[in-house]
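Working notes for the structure below.
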Amino acid sequence: MLNEAVENLGFVAIGRNEGERLERCLNSLQRHGLRVVYVDSGSKDASLAVAKKAGAAIVELSSDRPFTAARARNAGFKRLFGQWPDTQHVMFIDGDCELVDGFIPAALKLLHENPAIGVVTGRCRERNPDATIYNRLCDMEWNGPTGEIDACGGIFLVRTATFQSAGGFNPSLIAGEEPEFCIRVREAGETIIRVKEDMCFHDADMRRFGQWWRRAVRAGYSYAQVNRLHSDAYKAERRRAWFWGAILPSLIFATAPLTGGWSGALVILYAASFLKTRRGLIRSGAESNNASIFAAFLVLSKFPNLIGLLNFRSKQFFKQPINIIEYK
């Protein structure tokens, strides 16, 4: 049965100007099978030539609509299933990732043994975690708990039937399309599992603070956009962004004249949040230095998160078009 599952396995890789990272990605997929679809979102580099050389089926998205990861993945699935209609499992992966060999057998075995599982993901690692502080932050972010989880990122193995019954990704979302998809999977009664095995090497290649900031803005935007579709989604994240990014700073500045500036002492609450987060990370197994870095940026992220929330509200109010927020 597992051999049959491997034979009926397909891959959808998406990318935009990924360069040599795409070559590594497609080469890692070809080691597992020949059913590979690459979806390109308006690349200006040699990505299409790389995909053609690798033997992948190619889908070029038109520029008449905004490029989104959701739109690209849906188009890739459509092409994959149209060309190989007996495909039973699909592995979605981004063009800046390299698949680790051991993940596919472990994930397929789990799906074979547990019919209630619809989606399997694994440990994503940064290729160069020590190159920049921002790469290290990503590597820590990928290190989530194993077992049953509520949501995962865009790199995962899914049953074809699960993907179809859930309706695929919502193409209107510029970010957060993966957890929104997972919400619908769980609403259908299927579970999402993260295995302990390494799944892929990711190459964030973030070198500047501005890149990290824009990524955090995009996260805030996704909190608002997904919450608009599912009222229970991202409630805590939205509350934290409003409190730490707007309410507390406003309280400090608004009451400063009345307190002779003593309201500024409330900034100690940020330090308290940092220490609480750091302690939690260390208890979870993080090294003290990494825990300090991650906790500091997590506190800081509430400000760009809030900008993302406000950006979404502004676009909704003024009925402005939604465009992708790129950090690379």
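Any read-out appearing in this document is the output of simple, stated calculations on the displayed coordinates, not a laboratory observation. Note that the structure is a prediction, hence the values are computed from the model and not measured. Quick reminder, even Gly has a Cβ in these numbers, built from the backbone with ideal geometry, and neighbours come from all protein chains shown.
Before moving on, here are some points about what is shown:
- Rounded to two decimals, the Cα-based Rg/Rh of the stretch 99-203, with Kirkwood Rh, is 0.98.
- Dipole check for the stretch 146-205: with +1 at the C-beta of Lys and Arg, -1 at the C-beta of Asp and Glu, and the Cα centre as origin, the magnitude is about 260 Debye.
- A straight line joining the Cα centroids of the stretch 266-328 and the stretch 127-142 runs 16 Å.
- The stretch 32-168: relative contact order as a whole-number percent, Cα under 8 Å and 6+ apart: 23
- Rg and Dmax of the stretch 133-194, Cα atoms only, in Å: 12.8, 40
- C-alpha long axis of helix 288-300 to longest principal axis of the chain, angle in °: 70
- Normalised by the number of residues in the stretch 1-82, the average gap of Cα pairs under 8 Å and 6 or more apart makes the relative contact order 33 percent.
- For the chain, built as a Gaussian network whose Cα springs stay under 10 Å, the top-fluctuating residue of E287, E237, E126: E287
- Per residue, the convex hull around the alpha carbon atoms of the stretch 212-293 comes to 129 Å³.
- By the Cβ distance rule (another cysteine Cβ under 4.7 Å), the unpaired cysteines of the chain are C25, C124, C138, C152, C182.
- To the nearest ten degrees, helix 268-283 and the longest principal axis of the Cα atoms of the chain are 40 degrees apart.
- Largest GNM mean-square fluctuation among F209, F156, F294, using the chain with Cα springs under 10 Å: F209.
- Cα centre as origin, Lys/Arg/Asp/Glu Cβ charges: the chain dipole, Debye: 1140
- For the chain, built as a Gaussian network whose Cα springs stay under 10 Å, the top-fluctuating residue of A256, A204, A216: A256
- Prolate/oblate/rounded call for the chain, Cα gyration tensor, a/c under 1.5 rounded: prolate
- Mean separation of Cα pairs under 8 Å and 6 or more residues apart, divided by the residue count, gives the chain a relative contact order of 17 percent.
- Given charges at beta-carbon only (K, R positive; D, E negative), |dipole| of the stretch 169-328 in Debye: 520
- 0 to 90° range, to nearest 10: angle between helix 302-317 axis and the chain longest Cα axis: 70
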